[in-house]
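The values are calculated or read from the model by the stated rules, or taken from the named source; none is laboratory data. The shown structure was predicted, so the numbers you read here are calculated from the model rather than taken from an experiment. Virtual Cβ from ideal backbone geometry, glycine too; neighbours counted across all protein chains shown. The accessibility values were calculated without ligands, DNA or RNA, using every heavy atom of the protein model including side chains. Shrake-Rupley method; radii C 1.70, N 1.55, O 1.52, S 1.80 Å.
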Amino acid sequence: MDTDSGRDLISDLPQSIIESILIKVPLLDAVRTSILSRKWRYKWATITQIVFNDTCLIPCNDKSIVSCNLVNFITRCLFLHDGPIHKFELNTSYSPTSPDLDQWLLFLSRKDIKELIIDIGEDDWFRAPSCVFFCPKLTHLVLVRCELNPPPNFKGFLYLKHLSLQQVIIPPHDIEVLISSCPLLESLTLSYFDSLELTIRAPNLKYLNLEGEFKDIRLENTPHLVGISVAMYMTDDIAEHFEQSSGCNFDKFLGGVPCLERLIGHIYFTKYLSIGNEQGSFPVIYQNLKFIELYQVSFEDMKELLVVLRMIVSSPNLEELQISSSSITTTADIYDLDFWEKDWPADCTFSKLKIVHMTDFSGLPHEIAFIKFLLGHSPVLEQMIVAPTIYVTDKVVKMLIDLLTFRRASPLATVKFVQEPL
């Protein structure tokens, strides 16, 4: 017993187990294990996942000293490292100089890097060196606030599955080439792009997250998409482009994604889809689509309303619908209530819809008619949650009370009024 109590059991563990322990602690603490004993001196130097963040820093009031210490720490860690580095993450509020970053990335390109994440400084940008494009085993690439220029001889990332570019400056043609040159790409995030007309060709893409000032978005050869989230910001230039665009945006964006399971459309998304969309037959049925969330839908614009109706009617297995209304007055279509009797099929049924959540409800005629329509055509509905706009008036309160009298196709359906927190 005495002999066993004096044994160093941890040091005798296999190197693979020690490595799995070291990668779970902050890198600075992992490096500090080198002082434990001679046997531990370089245990940390073979870990395959290296994460540099602000936990690697010793606090100091002088930002320049902290930045210098970070650069020295990263450089020393990399050049003492022995073996492959499969994951490298640099996520810090302190920005290294371009020569230092270029040196690190060149070193990593020779270390079988598979996951590369660079997010430095909230106000600083960096230019990605060409060696980034010659990391043949990359599977995961995240770049934030950088300038990206693929070299002419770039052949693509043949193993890349996850690509996230946030606030990245890259020529429009190059971003399309980059995406199409990643044949295994499954997840794509593009954030804070300006005035971009984008065509995405990615046959294995499953998850798409877009945010920015997009003039046009076309999905081609994306048959396996299951999750989409889109936020479109509006400028005068983009608004003018919308008015002049031809074709049906709904078909261009959602016409080739039959496997879709989850759709989230933020501000201006339904406005974008309404361009060129006409009432009629719906060629694509989304059998797997179970969740739809739409923000700032204008119930005063019949074209946007038709987009919403097209989505839910084309989704026979839809289970949950969340919609927030826009209070911006645009047209006089709100008084055309005959639409619900004359132009929409009375036998329409949402046979799987269980939850509806309407927010920013202001009592517009088409809002009320839409809720009445859902209540009357959803036989398994369980909850209809309505949250009025913060500008609640006596008129809105009366309308909310009137909702309680509407016919419900589901005997289990409850109508609940809630006030959203500010």
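Name the chymotrypsin sites (Phe, Trp or Tyr not before Pro) in the range 83-147 that are in a loop by DSSP and that have at most 15 other C-beta atoms within 10 Å, would you? Kindly include the intermediate steps, with their values, before the conclusion.
On the way: sites: Phe88, Tyr94, Trp104, Phe107, Trp125, Phe126, Phe133, Phe134; in loops: Tyr94, Trp125.
Answer by residue number: Trp125.
I'd like the distance separating the alpha-carbon centroids of the range 355-422 and the range 61-128, in whole Å.
53 Å
Taking the Cα atoms only, what angle lies between the long axis of helix 394-403 and the longest principal axis of the chain, rounded to 10 degrees?
Approximately 80 degrees, to the nearest ten.
Taking R0 as 45 Å, what's the FRET efficiency between Phe134 and Gln419 from their Cβ-Cβ distance, rounded to 0.05? It would help to have the intermediate numbers written out before the result.
On the way: r = 56 Å, r/R0 = 1.24.
Here the calculated transfer efficiency is 0.20.
Setting aside same-chain residues fewer than 8 positions from Lys215, which lysines have a Cα under 30 Å from its Cα?
Counting by Cα, and skipping residues close in sequence, Lys215 has these lysines nearby: Lys155, Lys161, Lys206, Lys252, Lys271, Lys290, Lys303.
From the Cα trace of the range 195-236, what convex hull volume per residue do you get, rounded to a whole Å³? Kindly include the intermediate steps, with their values, before the conclusion.
Values: hull volume 2.2 nm³, N = 42.
Given the Cα convex hull of the range 195-236, per-residue volume reads 52 Å³.
Kindly give Rg over Rh for the range 20-94, based on alpha-carbon atoms, with the Kirkwood expression for the hydrodynamic radius. Before the final figure, lay out the partial values.
On the way: Rg = 12.5 Å, Rh = 12.9 Å.
Computed over Cα atoms, the ratio is 0.97.
Top mean-square fluctuation among Asp301, Asp112, Asp123, Gaussian network model of the chain, C-alpha springs under 10 Å?
Of Asp301, Asp112, Asp123, the Gaussian network model singles out Asp123 as fluctuating most.
How far apart, in nm, are the 7 Å Cα→Cβ label points at Asp402 and Ile390?
2.6 nm
For the range 164-210, what number results from the quotient of the Cα radius of gyration and 2.2 N^0.38 Å? List each step's numbers first, then the result.
On the way: Rg = 10.1 Å, N = 47, 2.2 N^0.38 = 9.5 Å.
So the range 164-210 has a normalised radius of gyration of 1.06.
Short version: what are the Cα gyration tensor semi-axes of the range 57-175, square root of 5 times each eigenvalue, largest first, in whole Å?
Numbers: eigenvalues 122, 63, 26 Å².
One finds semi-axes of 25, 18, 11 Å for the range 57-175.
Expressed as a rounded percentage, what relative contact order does the range 155-228 have, with Cα pairs under 8 Å and six or more residues apart?
Values: 164 pairs, mean separation 21.1, N = 74.
Answer for the range 155-228 is 28 percent.
What does the charge count around Leu22 come to, taking other residues whose C-beta lies under 12 Å from its C-beta (Lys +1, Arg +1, Asp -1, Glu -1)? Walk me through the numbers before you get to the answer.
Numbers: positive: Lys24, Arg32, Lys43; negative: Glu19, Asp29.
Computed value for this residue: +1.
Would you mind getting the accessible area per residue of the chain, heavy atoms of the protein chains only, 1.4 Å probe, in Å²?
Details: 20790 Å² over 422 residues.
I get 49 Å² per residue for the chain.
Could you give the dipole magnitude of the chain about its Cα centre, charging the beta-carbon of Lys and Arg +1 and that of Asp and Glu -1, in debye to the nearest 20?
Using Cβ point charges on Lys, Arg, Asp and Glu, the chain gives about 1600 debye.
Three principal axis extents, largest first, for the C-alpha atoms of the range 266-324, in Å?
So the three principal-axis extents are 27, 24, 14 Å.
Report in % the part of the accessible area of the chain that belongs to carbon and sulfur, leaving out ligands and nucleic acids; probe 1.4 Å.
On the way: 10970 of 20790 Å².
Carbon and sulfur atoms account for 53 percent of the accessible area of the chain.
In nm, to one decimal, how far is the modelled label at Lys24 from the one at Asn317, with both set 7 Å along Cα→Cβ?
Distance between label points: 3.7 nm.
What whole-number value in cubic angstrom gives the convex hull volume per residue for the C-alpha atoms of the chain? Write out the running numbers ahead of the final one.
Working: hull volume 90.5 nm³, N = 422.
So the per-residue Cα hull volume is 214 Å³.
Please give the contour-minus-distance gain from Gln287 to Ile267: 0.36 nm per residue of separation, less the Cα-Cα distance, rounded to one decimal in nm.
Working: separation 20, 0.36 × 20 = 7.20 nm, distance 2.53 nm.
Taking 0.36 nm per residue and subtracting the Cα distance, the gain is 4.7 nm.
Would you mind classifying the range 108-229 by shape? Square roots of the alpha carbon gyration tensor eigenvalues, ordered a ≥ b ≥ c; an a/c under 1.5 is rounded, otherwise it is prolate if a/b is larger than b/c and oblate if not. If you can, show how the numbers build up before the last one.
Details: a/c = 1.58, a/b = 1.16, b/c = 1.36.
Judged from the Cα gyration tensor, the range 108-229 comes out oblate (a/c at least 1.5, b/c at or above a/b).
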